[in-house]
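First up is the structure itself, then whatever we jot down about it.
Read the figures in this text as sums done on the coordinates, not as results from a lab. If you're wondering where the values come from, they're calculated on a predicted model, not measured in any experiment. Glycine gets a Cβ as well: all are built from the backbone with ideal geometry, and neighbour counts include every protein chain shown.
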Amino acid sequence: MTLELAANFGHAPSAEQLENSPLAVRGLSVSYGQKPVVFSVDMTVHEGSMTAIIGPNGAGKSTLLKAVLGIVKPLSGQTMVFGKSLKTQRNRIAYVPQRASIDWDFPTRVLDVVLMGLYHELGLLRRVRQHHIDKARACLERVGMTEFADRQIGQLSGGQQQRVFLARALAQNADLYLLDEPFAGVDAATEKAIIRVLKDLRAEGKTVVAVHHDLSTVPEYFDRVFMISTRKIAEGTVADSFTTENLDKTYGGRLATAHVDQLGLATG
């Protein structure tokens with residue numbers, strides 16, 4: 001894909017959508033070499049919602065989040081956070097990356113990892129005071145990890161590590177939470193703990209967007225869905241958009257018919 005072609009991908013955003021949405025993406029395209037990974041994607045996230053980003057492997061789900069955050073540079077497109085540029089709104093966003101992308105051998109305590117979420121409060125001197133420690137411990141309590149505060153992060157199980165990084169995100173007291181496969185490789189108890197916290201955040205008026213793989217739990221966990229296979233396939237409420245037709249378009253017919261039928265979805 002050439003830059004000349006990429007320049008034509010952008011779409012004029014609606015001023016109302018950009019102003020009111022926690023996250024509004026227009027015409028976003030990302031390419032690794034000559035291969036388009038995300039192609040002219042529009043996305044509008046609703047405030048106070050929980051949105052699942054779903055699609056097959058290599059569909060661009062994680063890349064979409066990284067492009068939104070500026071971790072990878074898009075070829076084209078525009079991203080607005082609460083109606084303003086990402087640069088001015090970073091403190092309103094908390095990001096939980098894929099667990100596999102983190103160096104767990106880094107020698108640091110669980111409590112110190114959570115304190116990293118308070119970077120905007122600590123100031124230039126990074127001076128940690130008691131009220132910061134108290135806040136970090138409260139976040140660990142929310143995810144059921146208080147007793148591990150002084151443990152080295154590398155000594156924890158995968159599920160425990162994921163809870164700690166969720167606690168770090170909670171410490172940021174953000175308005176928009178972006179999570180990349182938060183349930184990947186975790187035990188059932190951790191998954192229940194994580195979804196409970198995420199639903200609590202939604203009840204508090206926060207907005208949650210998560211890359212998600214388990215189609216069977218989409219209706220239970222989320223109220224909105226964004227379906228992608230390099231291009232956007234569908235976006236909307238789970239009731240309206242999470243259909244067999246859209247799943248077939250998203251996964252290219254790779255889903256077993258019996259598995260789709262088990263989801264009890266509408267056909268249109």
Taking a straight Cα-to-Cα line shorter than 16 Å from Lys192, and setting aside same-chain aspartates and glutamates fewer than 8 residues away, one finds Glu141, Glu181, Asp200, Asp214, Glu220
Taking every C-alpha to C-alpha distance in region 3-259 and binning by 10 Å from 0, the per-bin percentages run 7, 29, 35, 22, 7, 1
The distance between the Cα centres of region 171-248 and region 136-164, in whole Å, is 22 Å
Counting only DSSP loop positions in region 134-176, the trypsin sites (Lys or Arg not before Pro) whose Cβ has at most 15 other Cβ atoms within 10 Å are Arg151
Going from the fewest other Cβ atoms within 10 Å to the most, one would list Asp105, Asp200 as Asp105, Asp200
Quick calc: nm separation of the 7 Å Cα→Cβ label points for Glu141 and Leu69 -> 2.8 nm
Simple spin-label estimate for Ala203/His132, 7 Å along Cα→Cβ, in nm, reads 3.1 nm
